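One structure is given below, encoded as structure tokens.
The values are calculated or read from the model by the stated rules, or taken from the named source; none is laboratory data. In this text, all values refer to a predicted model and were calculated from it rather than measured experimentally. Here the Cβ positions follow ideal geometry from the backbone for every residue, glycine too, while neighbour counts run over all protein chains shown. We work out accessible area using only protein heavy atoms, side chains counted, and drop any ligands, DNA or RNA first. Shrake-Rupley method; radii C 1.70, N 1.55, O 1.52, S 1.80 Å.
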Amino acid sequence: MTSCHIAEEPIKKVAIFGGTHGNELTGVFLVKHWLKNGAEIQRTGLEVKPFITNPRAVKKCTRYIDCDLNRIFDLENLGKKMSEDLPYEVRRAQEINHLFGPKNSEDSYDIIFDLHNTTSNMGCTLILEDSRNNFLIQMFHYIKIEVGPQPQGVLRADILDQMRKMIKHALDFIHHFNEGKEFPSCAIEVYKIMEKVDYPRNENGEIAAIIHPNLQDQDWKPLHPGDPVFLTLDGKTIPLGGDCTVHPVFVNEAAYYEKKEAFAKTTKLTLHAESIRCSSH
């Protein structure tokens, strides 16, 4: 009997990034540990490299030095001529691209896990950049861990343990795949960002209302038109407009104040993945 599946190339090289934002300490702590003793992340036939992405920001326990490293891996910044006049993170992005890329080149790493913390109550959040990638959907389906909110510049043992387990499950999935295990077709629920919502502001551009208590810590839960969203200091409630229910994420995320984002509206979707098996078996 034969099964119908999509043949995928084996995964050979995986990187684990910590410290892309220097004050998100769980990834920093884990990567530093694995750099000293990486036995738990090694898998037969797989190269796994832990890496501190923004060491200067890590040293200062700050999100970044000159600009957000997580927002500049684009062709424009990666293509700029290397110079000491460039912002530190732009130069660092070019170095990282050289070490682990360039993207889609023969020598590039197959998968990079970039470890982050959020102050929002979002549990374990896996960000999927390609909604048609069968391998990634299958891997996300395999990983079932919850990671809760954590302040920046702080370490929590429970969050660290959960993130550690998440990486273990991801590496286990890759190992099983490389060994020839077939993963049957599956489906996962995802949330697609539709709009990023700023705080209400006054004529000077200053924040004029805060997240309403009814919305605080309610990431992923349905938010209906008319539900309270913001609260002014004089007690006025500002409700959700529009005519459709959304699912808020990154609610009151501390790092997003500078980006003028109070929360993001998402809509729930279901993604399907075909059965996959490593082509070398």
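See the values below:
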quantity	calculated
Among Ser108, Ser83, Ser131, residue whose mean-square fluctuation peaks in a GNM of the chain (springs only between Cα atoms under 10 Å)	Ser83
Value of relative contact order over the chain, rounded to a whole percent, pairs C-alpha under 8 Å and six or more apart	22
Filter on Lys12/Lys181; Lys192/Lys265; Lys221/Lys268; Lys236/Lys268; Lys32/Lys60; Lys60/Lys168 - keep pairs with C-alpha separation over 18 Å	Lys236/Lys268; Lys60/Lys168
Pair-distance profile P(r), taking every C-alpha pair of the chain, with 5 angstrom steps and integer %	1, 5, 10, 13, 15, 16, 15, 11, 7, 4, 2, 1, 0, 0, 0
Selection from His175, Trp220, Ala262, by position along the positive dipole direction of the chain (Cβ)	His175
The chain: antiparallel DSSP beta bridges as a percent of all, rounded to 5	65
Area of Asp66 that stays accessible when all protein chains are in place (1.4 Å probe, Å², to 10)	90
Only Lys, Arg (+1) and Asp, Glu (-1) charged, at Cβ; the range 1-159 dipole about Cα centre in debye	480
Accessible-area order (highest first, 1.4 angstrom probe) of the listed residues Ile72, Ile210	Ile210, Ile72
Point-charge dipole on Cβ atoms (K/R +1, D/E -1) for the chain, about Cα centre, debye to 20	600
Computed [θ] at 222 nm, helices only, for the chain once each DSSP H run of length n ≥ 4 contributes -39500 (n - 2.57)	-7000 deg cm²/dmol
